[in-house]
Amino acid sequence: MTTADYLNYIVNEIHRTIVATVDEEGLPVTCAIDMMDCDEDSLYFLTAKGKAFYDRLINRKFLAFTAMKGEDTMSSVAVSVRGKVRELGFERIPGLFQKNPYMNEIYPTEESRKALTVFQIYEGSGEWFDLSKKPIERASFTFGKTETAQSGYFINDNCIGCGSCLEVCPQQCIDVSKTPAVIHQENCLHCGNCKYVCPVGAVEKR
């Protein structure tokens, strides 16, 4: 999947997200926010300028959110994003209302909509986590000017090929047919078992 596919999935398949921002005391605050539109490298949502959420966005210009879809844990897909936000104002409100007609029930008149403003998440990174597949599926993506950074566990040249890592891997996603062994990142849970059991310290966390 491309970054655009992940962003589109958030908007059209999940839509409702739990967003975290930071208040004036540096403490996290969460709220439910609908992601209402996207393009190839950004997301759009709206809020009212009178809300504390608006103040936190203006003051910090950053947020993080998680969106989940599934009937239970083992059928769920989760997408998490953290990134920079900027206020775009009222201009996109009519378009967002057209794409999200339920908003007409919340703000039924043109006059009531004057309280609203649109924000864009224009730069950030995200992670896709699909527990409905065997083995699990994990992927990372970036958008805007954010550079991709490696994360997770990697096996270096100190590996002696003993296979201890595979024995404790819950997803059996380590290829020990070669030395050094290779962790399939797209299936890794990031549990760290491989690092803790490696007798020569060949597993690195990045």
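How about the stretch 154-187: which of its residues are in a loop (DSSP other than H, G, I, E, B), open to solvent by 50 Å² or more (accessible area, probe 1.4 Å) and more than 23 Å from W128 (Cβ to Cβ)?
Across the stretch 154-187, the qualifying residues are D157, N158, I160, C162, V176, S177, K178, T179.
Scan P28, P94 and give me the residue that is at pLDDT 95 or above and either surrounded by 18 or more Cβ atoms within 10 Å (Cβ to Cβ) or more than 21 Å from the chain's Cα centre (by Cα) (or both).
P94
From the residues in the stretch 97-118 that are crowded, with 17+ Cβ neighbours inside 10 Å and of a type in the set (A, V, I, L, M, F, W, C), which one is nearest to the chain's Cα centre (by Cα)?
V118
Which of the residues spanning the stretch 23-63 are over 19 Å from A115 (Cα atoms) and out of contact with any strand residue (DSSP E or B) (no Cβ under 9 Å at 6 or more places or on another chain)?
E24, E25, G26, L27, D39, listed by residue number.
Tell me the residue from A67, A48 that is touching a helix residue (DSSP H, G or I) at 6+ places or on another chain (Cβ under 8 Å), within 25 Å of D5 (Cβ to Cβ) and either of a type in the set (F, W, Y) or modelled with pLDDT of 95 or more (or both), please. Break it down into steps so the answer makes sense when it comes.
On the way: A48 fails: within 25 Å of D5 (Cβ to Cβ).
On inspection, the qualifying residue turns out to be A67.
When only residues in the stretch 142-167 that are within 19 Å of K84 (Cβ to Cβ) and of a type in the set (A, V, I, L, M, F, W, C) count, which is modelled with the lowest pLDDT?
Across the stretch 142-167, the extreme among qualifying residues is A149.
Considering every residue within the stretch 188-195, establish whether at least one is part of a helix (DSSP H, G or I), over 26 Å from G126 (Cα atoms) and touching a residue at least 12 places away in the same chain (Cβ under 8 Å).
no
Considering only residues that are more than 22 Å from the chain's Cα centre (by Cα) and of a type in the set (D, E), which ones fall in the stretch 168-187?
If the condition is that a residue be more than 22 Å from the chain's Cα centre (by Cα) and of a type in the set (D, E), then D175 is the only one that fits.
In the stretch 188-197, which residue that is open to solvent by less than 30 Å² (accessible area, probe 1.4 Å) and either of a type outside the set (G, A, S) or more than 25 Å from the chain's Cα centre (by Cα) (or both) is nearest to K134 (Cα to Cα)?
Looking at the filtered set, the residue picked out is C188.
The values are calculated or read from the model by the stated rules, or taken from the named source; none is laboratory data. This is a predicted model, so every value here is computed, not measured. Backbone-built Cβ (ideal geometry, glycine too); neighbour counts: all protein chains shown. Quick note on the areas: whole protein, heavy atoms, side chains included, nothing else; ligands and nucleic acids left out. Shrake-Rupley method; radii C 1.70, N 1.55, O 1.52, S 1.80 Å.
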